[in-house]
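The values are calculated or read from the model by the stated rules, or taken from the named source; none is laboratory data. Just so we're clear, the structure is a prediction, and the values are computed from it rather than from any experiment. Every residue, glycine among them, receives a Cβ derived from its backbone with ideal geometry; neighbour counts consider all protein chains shown.
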Ligand SMILES: NC(=O)c1ccc[n+]([C@@H]2O[C@H](COP(=O)([O-])OP(=O)(O)OC[C@H]3O[C@@H](n4cnc5c(N)ncnc54)[C@H](OP(=O)(O)O)[C@@H]3O)[C@@H](O)[C@H]2O)c1
């Protein structure tokens, strides 16, 4: 991949938490960043614009609304991405065992964490240059093999579904010229991770971006943690 020209990353779901930190990290590394929020409210991402200026472009996308995805695709027509990073995700009724989870909660979690990220990829993947990277924020909880202690049952299922759908997507690529990554960022203190999580955002996201950078150029799909270690499916 060319390194002497401005590289562009699209971060989907960057209003706060890990997505916001991803946008900040790519900006810090000199990249052009297109980052999405949903709704029209001001978010912490907007505060980054004071220092980033034109290198940060804020777009709007609720990943669960296909019409908004079509609009974004039209707005980005002709753009070239070195990295597409789908970060958006939710944890709904996460503490409940599956028997207590509402149908609505289960459906929303599966749609937002598994179906919608794949729709984003299927819709925008052609913007990613050959040799670029398509990255999805998975979770260590998405590992079926590592699920020996339960907890966060529906969330785990949604990330395991995401991982499986990425495997199917990867198997359909005629020429696997793009790097495909599922990332487990660690348990991080965000609104989702909560105050008791093991890691500060600053202990996760720079390492995640390092992993993406190191892996870019390798073809095929990998499920990796923030240290670049292979996660068991
Ligand atoms: N924190 C952890 O310990 C941890 C561990 C493993 C994996 N992850 C994963 O990392 C990702 C980010 O998590 P986080 O900890 O930063 O969570 P967070 O603080 O709750 O932030 C979630 C982000 O996703 C966005 N989002 C949710 N639903 C969306 C939708 N339908 N369309 C567009 N954006 C949407 C949110 O936007 P709004 O502000 O509009 O709600 C927000 O920007 C998620 O995929 C999560 O599953 C987190």
Set 118, 137: member being closer than 29 Å to residue 70 by Cβ, surrounded by 20 or more Cβ atoms within 10 Å (Cβ to Cβ), within 14 Å of the ligand (Cβ to nearest atom) and modelled with pLDDT of 95 or more: 137
- prompt: What tally of residues in segment 93-106 results from selecting those that are in a helix (DSSP H, G or I) and exposed (fewer than 13 other Cβ atoms within 10 Å of the Cβ)?
  reply: 5
- request: Go through segment 34-69 residue by residue and tally those that are outside any helix (DSSP H, G or I) and exposed (fewer than 12 other Cβ atoms within 10 Å of the Cβ).
  value: 4
- prompt: Identify, please: which residue in segment 8-33 is away from the ligand (no atom under 14 Å from the Cβ) and under 18 Å from the mean Cα position of the chain (by Cα) and is, among those, surrounded by the most Cβ atoms within 10 Å (Cβ to Cβ)?
  reply: 26
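Residue by residue, here is whether (1) surrounded by 15 or more Cβ atoms within 10 Å (Cβ to Cβ); (2) without any contact (Cβ under 8 Å) to a residue 12 or more places away in the chain; (3) within 14 Å of the ligand (Cβ to nearest atom); (4) under 22 Å from residue 35 (Cβ atoms) holds:
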| position | (1), (2), (3), (4) |
| --- | --- |
| 129 | yes, no, no, yes |
| 149 | no, yes, no, no |
| 174 | no, yes, no, no |
| 204 | yes, no, yes, yes |
message: Looking at segment 208-226 only, could you name the residues that are within 14 Å of the ligand (Cβ to nearest atom) and either assigned to a loop (DSSP other than H, G, I, E, B) or surrounded by fewer than 19 Cβ atoms within 10 Å (Cβ to Cβ) (or both)?
response: 226
task: Looking at (1) over 16 Å from residue 124 (Cβ atoms); (2) assigned to a helix (DSSP H, G or I), find the lone condition where residue 72 falls short.
output: (1)
field: Residue list for segment 77-88, restricted to those being in a loop (DSSP other than H, G, I, E, B) and within 16 Å of the ligand (Cβ to nearest atom)
entry: 87, 88
query: Which of the residues belonging to segment 11-33 are out of contact with any helix residue (DSSP H, G or I) (no Cβ under 7 Å at 6 or more places or on another chain), outside any helix (DSSP H, G or I) and either modelled with pLDDT under 95 or within 15 Å of residue 63 (Cα to Cα) (or both)?
result: none
- line: Taking first residues from segment 176-196 that are over 22 Å from residue 220 (Cα atoms) and more than 10 Å from the ligand (Cβ to nearest atom) and second residues anywhere that are assigned to a loop (DSSP other than H, G, I, E, B) and at pLDDT 95 or above, the pairs with Cβ under 7 Å that are 6 or more apart or on different chains are 195/189
field: Candidates 184, 157 - the one that is buried (at least 21 other Cβ atoms within 10 Å of the Cβ), more than 27 Å from residue 68 (Cβ to Cβ) and either at pLDDT 95 or above or within 16 Å of the chain's Cα centre (by Cα) (or both)
entry: 184
